[in-house]
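The values are calculated or read from the model by the stated rules, or taken from the named source; none is laboratory data. It should be emphasised that the depicted structure is a prediction, and the values quoted were computed from it without experimental measurement. Cβ atoms come from the backbone with ideal geometry, glycine included; neighbour counts cover every protein chain shown.
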Amino acid sequence: DTSNVVSRFMKQARLGRTITLHNRGQDTRDFTYIDDFVGVISDYTGIMNMVGNYNDVLNVGTGKSTAIRTLAMLVKELYPDVKIESLPGYPVTRNPVYNIHYRKADTLNLERYFPRYYHSMKTLPEGLRKMKEELEKMVE
């Protein structure tokens with residue numbers, strides 16, 4: 001399950017636990033920082049209140065696909081002592097609903113209707129650094 005992989009990896013790293021990659025971390029996802037997502041949704045809600053019916057699909061994402069292995073390595077840059085274990089397959093209990101190995105948001109409408117957000121979204125390393133800062137504030 002890669003639905004909460006960022007928070008799981010950050011928690012494991014912060015606690016000094018090993019990060020485990022399934023399928024050698026080859027699956028990909030389009031990672032979006034929560035502040036960027038909230039900004040788009042907030043503006044989208046405002047537009048909906050003004051114009052009413054909006055029928056286009058709006059995917060919020062960067063339009064960039066990143067391997068889970070790359071995510072793990074970026075987390076390791078923030079927590080250099082963390083270890084990464086790479087396994088060849090998936091857990092036996094893997095739910096078939098998670099059998100999507102490659103994900104990338106179609107950001108055409110995001111770029112069209114919300115270009116300021118699309119062009120100013122945080123990169124994955126920026127989002128991870130900000131997340132680490134926020135986690136450290138919570139622990140203090």
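In table form, for the structure just shown:
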quantity	calculated
Leading residue by the ranking (modelled with the highest pLDDT) among those in region 70-103 that are under 18 Å from the mean Cα position of the chain (by Cα) and farther than 25 Å from D35 by Cβ	Y102
Residue tally, condition touching a residue at least 40 places away in the same chain (Cβ under 8 Å) and not aliphatic (A, V, I, L, M), over region 124-140	6
